[in-house]
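The values are calculated or read from the model by the stated rules, or taken from the named source; none is laboratory data. As the structure is a computational prediction, the values presented were derived from the model and not from experiment. All Cβ positions, even for glycine, are placed from backbone atoms using ideal geometry, and neighbour counts span all protein chains on display.
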């Protein structure tokens, strides 16, 4: 039986609830990886618990209250008591980051906040660790999933802003009061944090000018398409003339830009640096389960030694014959009965054709088809049999297809 | 003056040379971040140095010899001596990973190997830390930049394999003997490592079936395009019927797949898990400077406490007026002289038009243009002046354009 690792949970709204569920679900795996079994030993919310008791019973505090106070006071108190803290509170970090990071250094504890920026996209970790001493030149981010969903819908359907916002609200991608998202303020807070990490210079929310998407029209999106551009709400932090510019505004992106293809409620960040050219990280933006997953990643990271590769806890059987969809290309003499024989062989092996094209080439014909997922051994057996047919001109070509619907 | 942090460098080929250069260049920044000044205190290569002396004088050993022996022996000896190790040696980890990770755990040292997989794409870190206790369902990777470059060129130019390979060799993206890359063996070693980390089960290179790109033809790429598919060398690790399948082969991808748009000498990995949907990480594949950058990231990570946000070492001026390219949309009465007045205002503010479209709308006209990068204050001043013109029907719309050539 693993020793317990005690977590004090501050706040139990959507994300707090999703975190509690996820933690219960993953506790065995966390115990395998860390040797400690995480459990929530105290919860503080309006109707439940008191902070000193929650703190006393915790090895680590997860702060999901949001807002500035009392979140700031609790996080500081936890670190002063020598506890690690994991928080998803972007506003707190964008306004009081320096004070909190200084407290973490002073008390020798970890203050982790991956969930505060970019949903499950691990951009905080990459900036703090992989790129800790890199010379970052520019960072571009789509750091608000709500606005990216709205703009994607406007582009796809020609809807006006108000209709796309209403759809986002129906689907749970936008809150009843979407102000912080659609004005760009939420993105500005995240950009303040990312700019601080990437450029090693203090940046607070009040220093980040932002512009939202409320004034964009279906026409703007239509023009974007006509010009071969995508329209996104983009956060930018970049060196300019020896200084730093941090800002959020809608922007047209050329189709080849790594962020141009990020659609729906997704986040993505591109980091440019001379030594690495550019890295792009993308994934779902904030949402209860996604944010909870980022919080859990931070909790587990605080429990394990750095760069640890724990002993494998299992030995999954390595499967050698799997189902794949295939593209098949067969060159044959253009004679009667050819297709029937090939179809019969495919049928015998349980290979089912999804799409098919035949092209004439003088006296020969080229058959190109995509087949539904089938055990590879069956497909290769069919290819061997087809290769042996008299009227087949060259060895059939079989290439796997990774089908998005599969 | 910062205390020194002593690095023993094993091997000084392309990557070793690039690492030494990068380290010298970044030493001040590393000292700012870590409080320690990294320096190479010993080098071992065929013509220089002996291992015991290099080891004695090092706090951390960087292994860039490659191959199995003596790399394995040196890495083990370093860890037994209590030194952290950073390595880019995928072959070593794919064949002796369990032994090495066990030694790291036993001796309480870090064994970091981001540079062994995926170039600068921080996939090792994300799997080891962000997703340490996540239930990964599937991982797809483009983990070999050489083959991705060759396939991209075949797709773009219609070139045959041999010609695209020759071009890759000329540009330094393929080695004189490209066997390990083009047969898929290099990718298989990387997939063995990633599968071990993602699925917590031992996987060695010999257990990963692989198929290369040597037999692909320009025709296959042409068909891919006709079918709306991209053709890539894909590594897959996925749960299948309670077991695990790990394999490397060429595969067609639908256009919407996150890896379909990864072109040129790039690497990318998509990780799928129920709690997070999917994360995609992309960046340049192996190359001297990129690999050196990944090695430096690992070295710095070994020097700093986990999740540390060091005190800012500078205070860059926040620049508020920056140059941007803009899209401008003006609705005007369709009268003589209108365009001249607008052009004059733009010229006065130094705004230069890059492209321009005019559409008639009854008695009105809609002017849409994209302008070259200009200080935003100048552009907004021009917009204010244009808005005040008598013949302008609605407030002009100005939206920034992030220009790839800018």
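If the condition is being farther than 21 Å from residue B:85 by Cβ, facing chain A (nearest Cβ under 7 Å), touching a helix residue (DSSP H, G or I) at 6+ places or on another chain (Cβ under 8 Å) and modelled with pLDDT of 85 or more, then the range B:293-324 contributes B:316, B:318, B:322.
Among the residues making up the range A:247-278, those that are more than 7 Å from chain B (Cβ to nearest Cβ), modelled with pLDDT of 90 or more and in contact with a helix residue (DSSP H, G or I) (Cβ under 9 Å, 6 or more places away or on another chain) are A:247, A:248, A:262, A:263, A:264, A:265, A:266, A:267, A:268, A:269, A:271, A:273.
Scan the range B:216-228 for residues that are within 10 Å of chain A (Cβ to nearest Cβ) and in contact with a helix residue (DSSP H, G or I) (Cβ under 8 Å, 6 or more places away or on another chain) and the total you get is 3. Which of the residues spanning the range A:240-276 are part of a loop (DSSP other than H, G, I, E, B) and in contact with a strand residue (DSSP E or B) (Cβ under 6 Å, 6 or more places away or on another chain)? Listed by number, the residues that qualify are A:258, A:259, A:260, A:262. Taking the listed residues A:281, A:233, the one that is at pLDDT 95 or above and within 7 Å of chain B (Cβ to nearest Cβ) is A:281, with no other qualifying.
When every residue of the range A:36-50 is checked against the conditions, at least one turns out to be in contact (Cβ under 8 Å) with a residue 40 or more places away in the chain and touching a strand residue (DSSP E or B) at 6+ places or on another chain (Cβ under 8 Å).
Scanning the range B:60-73 for residues that are over 24 Å from the mean Cα position of the chain (by Cα) and closer than 18 Å to residue B:20 by Cβ yields a count of 2. What residue, among those in the range A:13-22 that are surrounded by fewer than 21 Cβ atoms within 10 Å (Cβ to Cβ) and in contact with a strand residue (DSSP E or B) (Cβ under 9 Å, 6 or more places away or on another chain), is farthest from residue A:65 (Cα to Cα)? Out of the qualifying residues, it is A:20. Pairs meeting the criteria (first residue in the range A:213-237 and closer than 30 Å to residue A:199 by Cβ, second residue at pLDDT below 85 and crowded, with 21+ Cβ neighbours inside 10 Å, beta carbons under 7 Å, at least 6 apart or on different chains) are A:230/A:224; A:231/A:224.
In the range B:80-196, counting only helices (runs of 4 or more DSSP H) that sit wholly within it, the ones holding 3 or more residues that are out of contact with any strand residue (DSSP E or B) (no Cβ under 6 Å at 6 or more places or on another chain) and within 12 Å of chain A (Cβ to nearest Cβ) span B:90-107.
Conditions (1) in contact (Cβ under 8 Å) with a residue 40 or more places away in the chain; (2) under 22 Å from residue A:238 (Cα atoms); (3) assigned by TED's automatic domain parsing to the domain that holds residue A:222; (4) surrounded by 20 or more Cβ atoms within 10 Å (Cβ to Cβ), marked per residue:
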position	(1), (2), (3), (4)
A:111	no, no, no, yes
A:136	yes, yes, yes, yes
A:142	yes, yes, yes, yes
A:155	yes, no, yes, yes
A:160	yes, no, yes, no
